[in-house]
Amino acid sequence: MLKIEHLTKHYPGSDKGVTDLCLHVESGSICAFIGPNGAGKTTTLKCIVGLHDFEEGAVTVCGHDVKREPLACKRSLAYLPDDPELFDYLTGSQYLSFVADVFGVSDAERKTRIGELAGRFELTEELPQLISGYSHGMKQKLALISAFLHDPQLLILDEPFVGLDPSAAITVRELMNDLRKRGGAVLFSTHVLEVAEKLCSHVAI
């Protein structure tokens, strides 16, 4: 599902980044990515999804090389950064429709998926409202809905549980397990070791 071979990414003028990292995440697995601040977790995740270039190594998603086949990789995955940027001038419904358009989700499928996911995150009534009026927690729930909307094969999350209320955190865990059972895979960074212990089949340090 995800193969990282000898990944090296350093920032200009600094020795910080990632050096010679190898990591495989197989189908049907949930892998926690843990380590101290500054260890390179976020840098690695951004290399996987194509936001960062890297000097050496290779990253493949569902058999597609991130550098040579970037669009094929992006179609197969969903990425949620630790502080997602949303479009405040859109309503929640408009934003989710935009995401569905980007990933080619049909009208019928998006209606079903948005209805189901918004219900599970208890955000249905807020979708017609402008995102600018959302609380931080509501924005995080909307971003999570957008990540699961196109039913990705690989889910990449950066600290997804920070700031979530207990109900939403349980929903995220359930959706991760649903994805795993369908043969997908999840890689997420976290500092919450209890979550890693209870939820994950693998842990990368």
| message | Under a crude label model (7 Å from the Cα following the beta-carbon direction), how far is residue 8 from residue 201 in nanometres? | response | 3.3
| said: Given R₀ = 30 Å, what would the calculated FRET efficiency be for residue 192 paired with residue 52, taking r from the Cβ atoms and rounding to 0.05? | reply: 0.75
| request: Quote to one decimal, in nm, the extra length available between residue 71 and residue 170 on full extension: 0.36 nm per residue of separation minus the C-alpha distance between them. | output: 32.5 nm
| task | Add +1 for every Lys or Arg and -1 for every Asp or Glu among the other residues with Cβ under 14 Å from the Cβ of residue 90, and state the total. | result | -3
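Let me spell out the model: positive unit charges on the Cβ of Lys and Arg, negative unit charges on the Cβ of Asp and Glu, origin at the Cα centre of the chain. What dipole size does that give, in debye rounded to 20? Numbers along the way, then the final one.
Numbers: 20 positive and 28 negative charges, 75 e Å.
I would put it at about 360 debye.
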| Rounded percent of accessible protein surface that carbon and sulfur make up, the chain, 1.4 Å probe | 52
| request: In vacuum, with every alpha carbon of the range 85-205 counted as one equal point scatterer, what does the Debye formula give for log10 I(q)/I(0) at q = 0.18, 0.22, 0.23 Å⁻¹? Two decimals, please. | output: -0.97, -1.37, -1.46
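Please state the relative contact order of the chain as a whole percent: Cα pairs under 8 Å, 6+ residues apart?
Values: 350 pairs, mean separation 63.1, N = 205.
Relative contact order for the chain comes out at 31 percent.
With an 8 Å cut-off on Cα pairs and a minimum separation of 6 or more residues, tell me the relative contact order of the range 148-205 in percent. Write out the running numbers ahead of the final one.
Working: 40 pairs, mean separation 26.3, N = 58.
Reported relative contact order: 45 percent.
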| Which lysines, on any chain, are close to residue 74 with Cα under 28 Å apart, when same-chain ones fewer than 8 places away are left out? | 3, 9, 16, 41, 46, 111, 139, 141, 181
| Could you give the semi-axes, largest first, of the ellipsoid that matches the chain, computed as the square roots of 5 times the alpha carbon gyration tensor eigenvalues and rounded to whole Å? | 28, 18, 17
| query | Which value, in Å², gives the accessible area per residue of the range 77-154 when a 1.4 Å probe is used on the protein heavy atoms? | reply | 50
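The values are calculated or read from the model by the stated rules, or taken from the named source; none is laboratory data. These numbers were taken from a predicted model, which means no experiment stands behind them. Positions of Cβ are generated from backbone atoms using ideal geometry, with glycine treated the same way; all protein chains shown enter the neighbour counts. Heads up: the accessible areas ignore ligands, DNA and RNA and are worked out on the full protein's heavy atoms, side chains in. Shrake-Rupley method; radii C 1.70, N 1.55, O 1.52, S 1.80 Å.
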